[in-house]
Amino acid sequence: MIAVLGEDKRRASTIGIYALLFVLTNFVNKYVLSVLEFKYPTVFQGWQTLVGFVVLRVLVITKHVPAMLTDTNRSDWVRWIPGMMLFAGSVYSGSKALANLPMPVFFALQNLSSVIICGVQMVVTQTLIVYDRPLMYFELTSFFTYCMMMLTVISSVIIIHSDPQFNQQGYIWVGLHIIFTAGLQLYTKFSTEKLKTSSLEKLYCNYVYCIILFAPSSYLIGDALEAASFPYLYFSKFWFGCILSGVFGVLLSLHSINLQEKELGPTNFAKVQGCSKILAAFLSYFVYSDFYTANFAMWILINLVAGLSVEDSQLNTEDFADSSKFSKSHSPNGRHNVLYEDYIKEDDSYVNDFTGPEDL
């Protein structure tokens, strides 16, 4: 009993640290990008990824994390290049969006990436066959998730139309951020069996790729030259903000990997992340001077709660490398409509009569 209580307290403290890092990271980023108006994403994200790279190297040298990319083949690097590109696009567009939108709006619209992920996986109603063997299977957990997905989409549209401080550029960039983020998560899911690299190694590769990409791009785009004339360039609050942004960002990424793979699992982590968004959105109301109408704030709250439900019920991925786990209802010839999962149990005749959307 004492061991169980100790484990619960340790897990609660780990979740609390994640929520604190999430709030601090986003608040510092918002301060630098919006309050100080440092709107040069190639420089800002180049700096953040450089700090992340340095921190990871220090952790490897001090043996707090294992050595990375020692057993990685060149083919794994090549296969993860699309993931690096999607990561770079996600952080770049995210910086532009956060600089132009209130933090609660940014978090609310981020939930659309979960809707895209669930929607894509809903389309996959049968086993994926790779190299003539079953790889993974997707199923929708409940009809409630489908309703929450629709509510998230509807509330997002209403938020955009009811924003009293509508910023077209901000919404364009957050749209790109949603696409890149959803694409990165989907590519990660589908490439899990093909890539032998760990999540930490993928993060390391992402940092290296962003440094190589953003360093020359900052000069080609002109961000580096414009940043040289930034009015707060020699102010301590700017440098402290940039340093804390990079350190908090890499710590948040490392903590996220730990929670997803060791402490909680992907589904419970999604719930914790959703609650952290609600906490950060609530606190931002008292920190930043954004204007909210009652209707606007209500739909933001509805979106965040609905998005929490979508993240909590994301479609689960099961590995069927062991053929004994591959039941008859999950066989390539045993297809079914995911929205009717609650009704299709062991009744083979019913499954044969109604095999999927293509039979409608």
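Is the range 137-203 rounded, prolate or oblate when judged by the Cα gyration tensor, a ≥ b ≥ c being the square roots of its eigenvalues, rounded requiring a/c under 1.5 and prolate requiring a/b larger than b/c? Please report the intermediate quantities before stating the final value.
On the way: a/c = 4.23, a/b = 1.50, b/c = 2.82.
In terms of gyration-tensor shape, oblate.
Label sites at T188 and R10, each approximated as a point 7 angstrom past Cα along Cα to Cβ, lie 2.4 nm apart.
Each 5 Å bin from zero up to the one holding the largest Cα-Cα distance in the range 3-57 carries the following percent of pairs: 4, 16, 14, 18, 16, 11, 9, 6, 4, 2.
Solvent-accessible area of I211, all protein chains in place: 40 Å² (probe radius 1.4 Å, heavy atoms, ligands and nucleic acids excluded). Packing, taken as the mean count of other beta carbons within 10 Å per residue, orders the peptides 293-301, 57-65, 82-90 from highest to lowest as 82-90, 293-301, 57-65.
What are the trypsin sites (Lys or Arg not before Pro) within the range 158-230 that DSSP puts in a loop, where the Cβ has at most 16 other Cβ atoms within 10 Å? Before the final figure, lay out the partial values.
Working: sites: K189, K194, K196, K202; in loops: K194, K196.
Hits after loop and neighbour filter: K194, K196.
Placing E201, E193 in order of accessible area, with the largest value first and a 1.4 Å probe, yields E193, E201.
Tell me, what is a quarter of the convex hull surface for the C-alpha atoms of the range 174-276, in nm² with one decimal?
Values: hull surface 35.5 nm².
Mean shadow area of the hull around the Cα atoms is 8.9 nm².
Pairs exceeding a 24 Å alpha-carbon distance, out of K9/K262; K9/K189; K9/K271; K196/K277: K9/K189; K196/K277. Full extension of the chain segment joining A215 with V35 gains 62.4 nm, where the gain is 0.36 nm per residue of separation less the Cα-Cα distance.
The values are calculated or read from the model by the stated rules, or taken from the named source; none is laboratory data. Bear in mind the structure is a predicted one, so any value in this text is a computation, not a measurement. So basically every Cβ, Gly included, is an ideal-geometry build from the backbone, and we count neighbours across all protein chains shown. To get the accessible areas, we keep the full protein, side chains included, count just its heavy atoms, and leave off ligands, DNA and RNA. Shrake-Rupley method; radii C 1.70, N 1.55, O 1.52, S 1.80 Å.
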